[in-house]
1. So which trypsin sites (Lys or Arg not before Pro) in segment 260-336 are both in a DSSP loop and have at most 12 other Cβ atoms within 10 Å of their Cβ?
2. What is the antiparallel percent of DSSP beta bridges lying wholly in segment 2-198, to the nearest 5?
3. Give me Rg over Rh for segment 202-325, both radii from the alpha carbons and Rh done the Kirkwood way, two decimal places.
4. Given a cut-off of under 8 Å on Cα pairs at least six residues apart, what relative contact order in percent is computed for the chain?
5. Picking from ALA239, VAL100, PHE111, whose Cα lies most toward the positive end of the charge dipole for the chain (charges on Cβ: Lys, Arg +1; Asp, Glu -1)?
6. At q = 0.09 Å⁻¹, what base-10 log of I(q)/I(0) does the Debye formula yield for segment 1-146 when every alpha carbon is treated as an equal point scatterer in vacuo?
7. Once you sort the root eigenvalues of the Cα gyration tensor of segment 82-168 as a ≥ b ≥ c, which label holds: rounded (a/c under 1.5), prolate (a/b larger than b/c) or oblate (the other case)?
8. Return the whole-Å distance between the Cα centroid of segment 174-234 and the Cα centroid of segment 268-321.
Amino acid sequence: MSIAIVGAGAIGGFLGVRLANVGEDVTFIARGANLDAIQANGMRLIEEDGSEIHAKNLRATKSMDEAGKHDIVLLTVKAHQVGPIAADLHHLIGPDTMVVTMQNGIPWWYFSGGHGGDLTGTHLETADPGALIAKHLDPKHVIGSVVYPAAVLTEPGVVQVIEGHRFGLGELDGSMSPRVQSLAQRLIKAGFRAPVTSDIRAEIWLKLWGNLSFNPISALSHATLVDICQFPETRALAADMMREAQEIAGKLGITFKLGIEKRIAGAEKVGAHKTSMLQDVEAGRPIELEALVGSIIELGRLTETPTPHIGTVYALMRLLSQSLERAQGRLVITAA
C-alpha cells in the first residue's frame, strides 16, 4: 500500500524510515532544509540502541497535489499546523484512504462517530479554529492514534529515537474494522507496537491527563518532570489540574484506569525530561497550547465543570506565548 506522511519531523521520520525499511511505498510531504536533505540522500534513523537505518527508497515533495492519492495518510504535524494545510489534504485522499491523526491533545473529531450523547457533532473551536479541518476532512476517513514514542529531528534528514515505539490506534466508532487491523499489522511489521482499542478517546485522555498539567507547568517554570513532581507546590498544582480534567472526562463517559498519584509517580520516574512545550519555548517555536490546555477549558464550559487551576495556568501560558511571538524570541535559562 502507498503511504503518505504529512510532516517529516521526528515522529513522521521515525515512522517513515521504518516503514520504508520493510518495503512500504512511502512519500514524505516536507519542506525547507528537511525536504532538500531527504530528496538528496533519503532519511536516516538513529535507534535507541545506537543502530541506524538509512532509507533511500522513499520519495519527498512539498506538494500534496504532486504526491497524489495514497492508501494511507499519516498526519504527523502538530495540532496547530493541521488547519492551515487542511484544504490541500484532498489531493492525498481517495475514496478508501485512511487518514491517521497523530496529534497531541483533544482532536477536532472528538464528537464525531456518534460519540458524545447530547454533544454529538459539537465543534471544538480550540481543536479546529474556524472549522477548517472539519470542512475539508470527512471523519469517515479518520483513524485515531495516540503517539507514545519520543524522538527528535537532530538535523535535516536525521531522526534520533529517545524512547518508545508504541502507537495506539482506534476507529472513531469503536469498531474493530478490517482496515484498522490491516494498518496495525503494517506498523507491527515495521517494528512498532500498534494495539487497536475500542475506545480511542479514553486512551487520548490518559496521555492528555499528564500533558495538560506537566507541559504548561514545565514551560512556565523551566523545570523537568522530576523537578515538578518533587517540588511540593507544583506537584499539588499538577494534581489539582488533573482532578479538574478527570471530572470533565467523567461527564463524557471516560474512566481512568489509574489514580492521580500513580500518574504523577509515573511522570516522576521519567526523570530529568523536558516536556515538548518547554522545548518549544526554548526553541522559539509555536506552542501546542490550545490542543493540550485550551481544549480542556472548552470542554469544561460544555460540561459545566469549573476549571480554576487549569484556567489560571492557561492564562499565564497564553501570555507567555503571546510575549514570545511578539518578540519573535525564545526563553532559555542559562548559567550566569
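We did not get these values from a lab; they are worked out from the coordinates using the rules stated. Please read these numbers as outputs of a predicted model, since none were measured by experiment. FYI the Cβ positions are ideal-geometry reconstructions off the backbone, even for glycines, and counts take in every protein chain you see.
1. ARG330
2. On the way: 14 of 39 bridges.
For segment 2-198, the DSSP antiparallel bridge percentage is about 35.
3. Values: Rg = 13.6 Å, Rh = 14.4 Å.
With Rg and the Kirkwood Rh in hand, the quotient comes to 0.94.
4. Numbers: 630 pairs, mean separation 50.8, N = 336.
After rounding, I find 15 percent.
5. Checking the options against the dipole of the chain, the answer is VAL100.
6. Each listed q maps to, in turn, -0.29.
7. On the way: a/c = 1.98, a/b = 1.58, b/c = 1.25.
Note, shape of segment 82-168 comes out prolate.
8. Distance between centres, Cα-based: 15 Å.
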